[in-house]
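K.L.:
Attaching a single structure in structure tokens format; questions to follow.
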Amino acid sequence: MSTPTLPPSVAEVTGPRHRTERVAVDGGDLVCGVWEPVAGSVDGDGDGSAPTVLLVHGITSSHLAWAATAELLPHVRVIAPDLRGRGRSRDLPGPYGMARHADDVAAALRLLGTGGPAVVVGHSMGAFVGVVLAHRHPGLVTSLVLVDGGLPLTPPAGVSPDQLASATLGPAAARLEQTFATSQDYRDTWRAHPAFATSWSELVEAYADYDLVGVEPQLRAATRVEALQGDIRQLVDGDDVLRALEHLPGPTPWLLAPRGLMDEVPPLYPADLRGRWEAAYPLLEVVEVGDVNHYSIVLSRQGAAQVTPWVERAVAGLHGDGNGPSGG
């Protein structure tokens with residue numbers, strides 16, 4: 001089966017290291033972005049021995065959310081799937097849930113990885129997937145880096161499970177019900193989002209372009225509404241997540257944005273919730289990332305530059321060097 005055709009803006013930000021691959025999973029093919037290591041870089045000498053880093057995106061996102069991070073990891077093989085029901089994997093059928101996603105990305109690691117266990121980095125819902133992956137497939141995961149996700153959320157007061165998506169995600173959920181006449185209309189929707197008021201870039205533009213499916217004037221966001229609804233409740237009280245958190249593979253950086261999805265304060269994890277999980281799971285290593293929101297912590301170069309040192313530390317751990325990052 002052919003690989004997906006990418007909008008020109010995507011190739012401009014992902015560069016020649018990037019390609020897409022299809023991985024057979026239950027119900028069809030999981031599409032994954034792969035960034036190969038640069039020949040001659042520290043660990044990437046082209047012989048397949050470079051370490052693997054798996055990057056897992058959020059609930060209405062795609063693998064393009066990681067373009068800035070992959071850019072800063074030239075010496076590793078980066079694998080970043082479009083999760084079931086999202087991106088170019090949108091046609092994979094339900095049911096959804098963290099265990100299903102974990103099994104999907106495990107298949108991607110087995111096929112596309114370099115044979116050894118991987119460092120797994122998850123953003124938002126992707127962090128929940130990473131936690132469950134490490135529990136269900138421990139031989140595939142050496143360590144985790146959780147980015148503004150992975151620990152259960154607390155719904156706003158008075159919000160029912162059916163209202164959780166709109167209350168938590170706001171415009172990110174609403175756009176899944178809309179159609180757009182042109183790709184520029186969709187870009188404009190993202191550009192008006194408060195999270196990108198000061199962090200719009202060609203990275204976000206390419207991310208928006210990749211997210212569109214259909215033909216003009218009936219373009220839609222790629223994430224399926226039923227995938228969103230099938231997953232979001234598990235971010236609050238999913239049994240698979242709660243069990244997995246009791247078995248973290250080791251010290252686990254938990255990188256937190258100071259502002260939320262709408263660039264607001266309090267953030268996704270306010271102080272009381274953060275303190276609760278920090279006390280419950282001593283292996284968490286809380287890291288406050290400076291001057292970012294829930295989106296820009298990965299979708300901006302400023303955010304990626306603060307996340308990447310923690311990924312580098314985890315990669316160094318594969319070689320027995322567990323020193324912390326010099327900054328971030």
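K.L.:
Can you give me the Cα centroid spacing of region 1-32 and region 190-226 in angstrom?
P.N.:
17 Å
K.L.:
Sticking with this structure for a sec: In nm, what is the difference between 0.36 nm times the number of residues separating ASP91 and TYR281 and their Cα-Cα distance?
P.N.:
Additional length available on full extension: 64.8 nm.
K.L.:
How large is Rg over Rh for region 117-275, taking Rg from the Cα atoms and Rh as the Kirkwood inverse mean of 1/r across Cα pairs?
P.N.:
My calculation puts Rg/Rh at 0.99.
K.L.:
Tell me the mean residue ellipticity at 222 nm calculated for the chain from its helices only (DSSP H runs of n ≥ 4, each -39500 (n - 2.57), averaged over every residue, nearest 500).
P.N.:
On the way: 14 runs with 117 residues, N = 328.
When only DSSP H runs of four or more count, the value is -10000 deg cm²/dmol.
K.L.:
At a threshold of 8 angstrom on Cα-Cα distance, excluding pairs fewer than six apart, so keeping six or more, what relative contact order does the chain reach in percent? Each step should come with its number before you reach the end.
P.N.:
On the way: 696 pairs, mean separation 58.9, N = 328.
Once divided by the residue count of the chain, the mean separation gives 18 percent.
K.L.:
Full-extension gain between HIS247 and ALA305, please, as 0.36 nm times their residue separation minus the C-alpha to C-alpha distance. If you can, show how the numbers build up before the last one.
P.N.:
Values: separation 58, 0.36 × 58 = 20.88 nm, distance 2.88 nm.
Net length gain for the segment: 18.0 nm.
K.L.:
What does the charge dipole of the chain about its Cα centre add up to, to the nearest 20 debye, if the Cβ of each Lys and Arg holds +1 and the Cβ of each Asp and Glu holds -1?
P.N.:
Its charge dipole is roughly 260 debye.
K.L.:
Also: Considering all projection directions equally, how large on average is the shadow of the alpha-carbon convex hull of region 1-138, in square nanometres?
P.N.:
Average projection, Cα convex hull of region 1-138: 7.8 nm².
K.L.:
Based on DSSP, what percent of beta bridges with both residues in the chain are antiparallel, to the nearest 5?
P.N.:
45 percent
K.L.:
Just want the answer: with Cβ charges of +1 for Lys and Arg and -1 for Asp and Glu, which residue in TYR207, LEU256, ILE232 is farthest toward the dipole's positive end in region 152-270?
P.N.:
Positive-end residue among those listed: LEU256.
K.L.:
Related question: Rounded to the nearest 0.05, what FRET efficiency do GLN163 and THR198 have when you use their Cβ-Cβ distance and R0 = 30 Å?
P.N.:
With a Förster radius of 30 Å, E is 0.50.
K.L.:
Farthest toward the dipole's positive end in the chain, which of VAL121, GLN163, GLY139, given Cβ charges of +1 (Lys, Arg) and -1 (Asp, Glu) about the Cα centre?
P.N.:
About the Cα centre, the residue reaching furthest to the positive side is GLY139.
K.L.:
Hey, can you grab everything whose amide H is under 5 Å from the amide H of ASP91? Only 5+ residues off in sequence or another chain; H modelled, so Pro and N-termini drop out.
P.N.:
GLY85
K.L.:
Once you charge only the Cβ atoms, +1 for Lys and Arg and -1 for Asp and Glu, what is the size of the charge dipole of region 252-301 about its Cα centre, to the nearest 20 debye?
P.N.:
100 debye
K.L.:
Above 18 angstrom, tally the Cα pairs of region 205-287 and express them as a % of all pairs, no decimals.
P.N.:
64 percent
K.L.:
Could you compute the FRET efficiency for THR179 and THR5, with r as their C-beta to C-beta distance and R0 at 22 Å, rounded to 0.05?
P.N.:
In this case the efficiency is close to 0.60.
K.L.:
About the Cα centre of region 78-163, how large is the charge dipole given +1 on each Lys and Arg Cβ and -1 on each Asp and Glu Cβ? Please answer in debye to the nearest 20.
P.N.:
Rounded to the nearest 20 debye, it is 180 debye.
K.L.:
Suppose R0 equals 30 Å; then what is the FRET efficiency for VAL265 and ALA39 from their Cβ-Cβ distance, rounded to the nearest 0.05?
P.N.:
0.10
K.L.:
Report the Stokes-Einstein translational diffusion coefficient (µm² s⁻¹, integer) for the chain, Rh taken as the Kirkwood radius over Cα pairs, at 37 °C with viscosity 0.692 mPa s.
P.N.:
D = 168 µm²/s.
Rule-based calculations on the coordinates, nothing more; no lab input. None of the values given here were measured: they were computed from a predicted structure. Quick reminder, even Gly has a Cβ in these numbers, built from the backbone with ideal geometry, and neighbours come from all protein chains shown.
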